[in-house]
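Nothing in this text is a laboratory measurement; each read-out follows from the coordinates by a stated rule. These numbers were taken from a predicted model, which means no experiment stands behind them. No Cβ is skipped: glycine too gets one built from the backbone with ideal geometry, and neighbour counts run over all protein chains shown.
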Amino acid sequence: MAQRISVTVNGTTHEAEVEPRLLFVHFIREVLGLTGTHIGCDTTNCGACTVLLDGRPVKSCTIFAVQADGRAVMTVEGLARDGALHPVQEGFHEKHGLQCGFCTPGMMMTAYALLQRNANPTEEEIRWGISGNLCRCTGYVNIVEAVKYAAEKVRSQPAAAGGRS
Amino acid sequence: MAVAHGMGHAVKRKEDARFIRGKGTYIDDIKLPGMLYLDIVRSPYAHAKIKAIHPEKALAIPGVLAVITGKDLDKYGLAWMPTLMSDKQMVLPIDTVLYQAQEVAAVLATERYVAADGVAVVEVDYEPLPVVVDPKKALEPGAPILRQDREQKTNHIWHWEVGDRAATDKAFREAEVTVKQDMYIPRIHVCSIETCGCVAKWDPVEGKLTLWMTTQAPHAIRTVVALVAGHLGLAEHKIRVISPDIGGGFGGKVPVYPGYVVAVAASVLTGAPVKWIEDRMENIQADSFARDYHITAELAAKKDGTLTALRAKTIADHGAFDAAANPSKFPAGLFSICTGSYDFKNAFAEVDGVYTNKPPGGIAYRCSFRVTEASYMIERIADIVAHQLGMDPADFRMKNFIKPEAFPYKSALGWTYDSGNYQGALKKAMDKIGYAALRKEQAEKRKRGELMGIGISSFTEIVGAGPSHTFDILGLKMFDSAEIRIHPTGKVVARFGTKSQGQGHETTYAQIIAHELGIPEDDIAVEEGDTDTAPYGLGTYASRSTPVAGAAGAMAARKIRDKAKKIAAHLLEAREDDLEWERGKFFVKGSPDKAKTIQEIAFASYTNYPQGLEPGLEAVSYYDPPNLTFPFGSYICVVDIDKGTGEVKIRRFVAVDDCGNIINPMIVEGQIHGGLTMGLAPALYEEINYDEDGNIQGGSFTDYLLPTAVETPRWETDKTTTPSPHHPLGAKAVGESATVGAPAAIANAVVDALWHLGVRHIDIPITPWKVWKALREKGITE
């Protein structure tokens, strides 16, 4: 039986009829067409599908779309505002924190949430903070640098830290 | 204003713009109207007869359109497909499965979830058969013959050997010191974060197939499709292969997997677009593996540490089909680089390929055709000799390195190394890490019973396949290509026969053209991966993009410069001989004011060109490299070992790489970071093994452990620069160096920490359990 849900994604409210078994990541990708959120495994290990649900990072392959009913979601497409990159996005570009780009959206959403909790993380805190997201290309060194860059930017320009949720 | 940076600059990546906004187009992002979904039924058994396949329950589900079996494909001659190694491989089985997770049938449905529902209820009657997972047992008399389809009733596939056996045996007989070590390099999986998949779209009106596909070699795929399915009316000019953004490849996206073939067949039969996307468990359990080499390595030396001979014997587990994506003349890949960085007078290596009840594959893990196996072997056994002789492993290497003045160097196994300075790289690594002080610290710690190890790996790679006299795939020579078109306003479209999977070609290729023509990188659009538009090339794997396609880019740019000179002479009313090139412009010798920029020349090539010259400014180059390139480096790893848990902690890791002249130092460093992490992974964590019944152990991300940011150390990198003498830009390639060099450095560090206790070798992955066990065997407790 399809169920009606209402989810606010990147500031816009969407209503849809969904099957109860529809994974949230498929709702985001297939129903809403927001393909920036990726799928890299089926065991909640890789984090490529990470989005923010009510501000907290979740692996969207491991929750159902119906569980997001009435809640606010932010995906990678919601990071930039009015065409201006979020400091996290800027950091990944400036510090060469991405190569193939496939883990990047999930990694950036995790980094975004980390900086919301802790505006000045140590290297160890960053490494633990992103340890639920796998990257096969970068060896993480430059991802850590990207997050440090973003942290510094967010601290010096708090206004840039927003994003939509 | 846009600037032409050229070679050697850390130009920020052009491709980032879409990826950081979530606007990349990966395979599963492609959605076509009326698209159907394919999902695959897989075997729970490693070896079984298929007695019957019952599709009825699946077909009863609304939305399930078909259940496709091997018998269905057989009607079209598609139940089997050829491999690159003169073997054949099942697309879907007619009556036998040979490994767990092998494709058994495919379900076609209107929705992704419905296809999965169908897969869940297809019933297959199996009759289990005896399973062989150990290649040594597979060679024993009386072992079950796995490939009943072959005339030769044996599990032995081929024997390959290289070098002078008699001279090597003699050197061993006469040696003052010999060492011998068995080492197993386990089966691992590349696990790019994006799995494999495709969208096949057959246009019945045009008779044209468009295939979006996760492939590192789109042109080769197009030719293979034409050759395999030509009898069904698929002609090469009516096949368009598009490789969209690729979420990591590392070799895992070179082979043709059954899912692709069935999707194409399903689209041709239904006339609808068909999508197939594998999930992670399918990806790990059935796609191409790497390594699985059982090596016996031997070294002969004088008492003073001078190496005299190398002998290596290997049993190579190829799984159920010989489907390694090697160049055709190299069944054991480039394993013959196993003399490494050392000057051997005598060497001999032999490899035997064997069938087992495991998935096929064999080379896909960020490595140029078995170079990692070769490098790991020589660096491990060299370290054992050094320790046995009581020599410092660094001194031992310095003593045996090929001397810088010996290049170009002809190795005992037949390769001509282009250039090298191995002493320089090791010296730099030792200085950077503070080698002498670390050895002192180690000695002090050892007195206190603490376990600390220092491991060195001084590897030499062989990449950039390759010269046409030696290298081909199915007869296709392994050249690569570039086409550069300059538009009237001086802006450029450049297309290449390779395909980036994260290496940053859109940036680095633009830098090559900027370097040669002085056109800003921002004015150059690089395109790859569409066989309808890009010139023919063999693709990106085995670190061949820079050595082959990058060289083609430089050569095409030079052709353009030659033509531009004629136009400049015309515009400046000067003789060509009187013109000089400074990046971005020609000027009259002695009169720098009398100049024409490349942009002005480009405009003139369409508006005001000299009589007798063709209009336009474009060029194509198909580059057949004269030799391979031989990147090298020295890595030093420091580990501390917990006696209570056996855990290995990497304290420091210094990597000094020499990849010749560098196009983009930022990207090179990123490649090294990633490569090191994919060297760390098999050294300490990753392994796919099988139980006696052929059940995969480590078939998902919950038990196949990719390093996270927590396990991965903060890599320290540095470089030396020894240009390749034959590459037009002096470049060599770097993408796989670190994956090749790192495992031995880590393993050597662990054994170095334990050697005084009597430990000579621990097979990778060096898990806490293996170390703990070794410590207990030597009577060490916390």
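Normalised size of chain A, defined as Cα radius of gyration per 2.2 N^0.38 Å with N residues, equals 1.00.
Label chain B by shape, choosing from rounded, prolate and oblate, from the square roots a ≥ b ≥ c of the eigenvalues of the Cα gyration tensor; if a/c is under 1.5 it is rounded, and otherwise prolate applies when a/b is larger than b/c, oblate when it is not. Judged from the Cα gyration tensor, chain B comes out oblate (a/c at least 1.5, b/c at or above a/b).
Global size of the range A:87-156: 10.4, 31 Å for Rg and Dmax (C-alpha atoms, Rg to one decimal, Dmax whole).
Within chain B, the whole DSSP H helices whose Cα atoms reach 20 Å or more along their own axis and whose mean Kyte-Doolittle score is at least 0.5 are B:665-680, B:737-754. Size check on the range A:13-109: the Cα extents along the three principal axes, sorted descending, read 41, 31, 21 Å.
Here the extension length gained between B:His54 and B:Lys445 equals 134.1 nm, from 0.36 nm per residue of separation less the Cα-Cα distance.
Please state the shape class of the range B:495-567: rounded when a/c is under 1.5, otherwise prolate if a/b exceeds b/c and oblate if not, all from the C-alpha gyration tensor. The shape class here is prolate. Each label point was placed 7 Å from the Cα along the Cα-to-Cβ direction; for B:Thr781 and B:Gln148 their separation is 5.5 nm.
When the inverse distances between all different Cα atoms of the range B:513-641 are averaged and flipped, the Kirkwood radius reads 17.2 angstrom.
Less than 5 angstrom separates the built amide H of B:Asp480 from those of B:Tyr623, all sequence-distant by 5 or more or on a different chain. At the listed q of 0.18, 0.24, 0.30 Å⁻¹, the Debye profile of the range B:172-218, built from one uniform point per Cα, gives log10 I(q)/I(0) equal to -0.79, -0.98, -1.11.
Based on the alpha-carbon gyration tensor of the protein assembly as shown and its eigenvalue square roots a ≥ b ≥ c, which shape applies: rounded if a/c is under 1.5, prolate if not and a/b is larger than b/c, or oblate? The shape class here is rounded.
Computed from the C-alpha gyration tensor, the three semi-axes of the ellipsoid equivalent to the range B:313-470 are 33, 21, 13 Å, from longest to shortest. The modelled label-to-label distance for the pair B:His756/B:Val620, using points 7 Å beyond Cα in the direction of Cβ, is 6.6 nm. Its relative contact order, with pairs defined as Cα atoms under 8 Å and 6+ residues apart, puts chain B at 16 percent.
When DSSP beta bridges are restricted to pairs lying wholly in chain B, around 80% turn out antiparallel.
The relative contact order of chain A comes to 26 percent, based on Cα pairs under 8 Å that sit 6 or more residues apart. Neighbour counting of Cβ atoms within 10 Å sorts the residues B:Glu528, A:Glu152, B:Glu461, fewest neighbours leading, into A:Glu152, B:Glu528, B:Glu461. Normalised by the number of residues in the range A:3-78, the average gap of Cα pairs under 8 Å and 6 or more apart makes the relative contact order 40 percent.
Along the range B:638-648 the Karplus relation, 6.51 cos²θ - 1.76 cosθ + 1.60 evaluated at θ = phi - 60°, assigns HN-Hα couplings of 10, 10, 10, 10, 7, 5, x, 10, x, 6, 9 Hz to successive residues, with x for each Gly and Pro. At a Förster radius of 45 Å, what calculated FRET efficiency corresponds to the Cβ-Cβ distance of B:Lys23 and B:Lys303, to the nearest 0.05? With R0 = 45 Å, the Cβ-Cβ based efficiency is 0.10.
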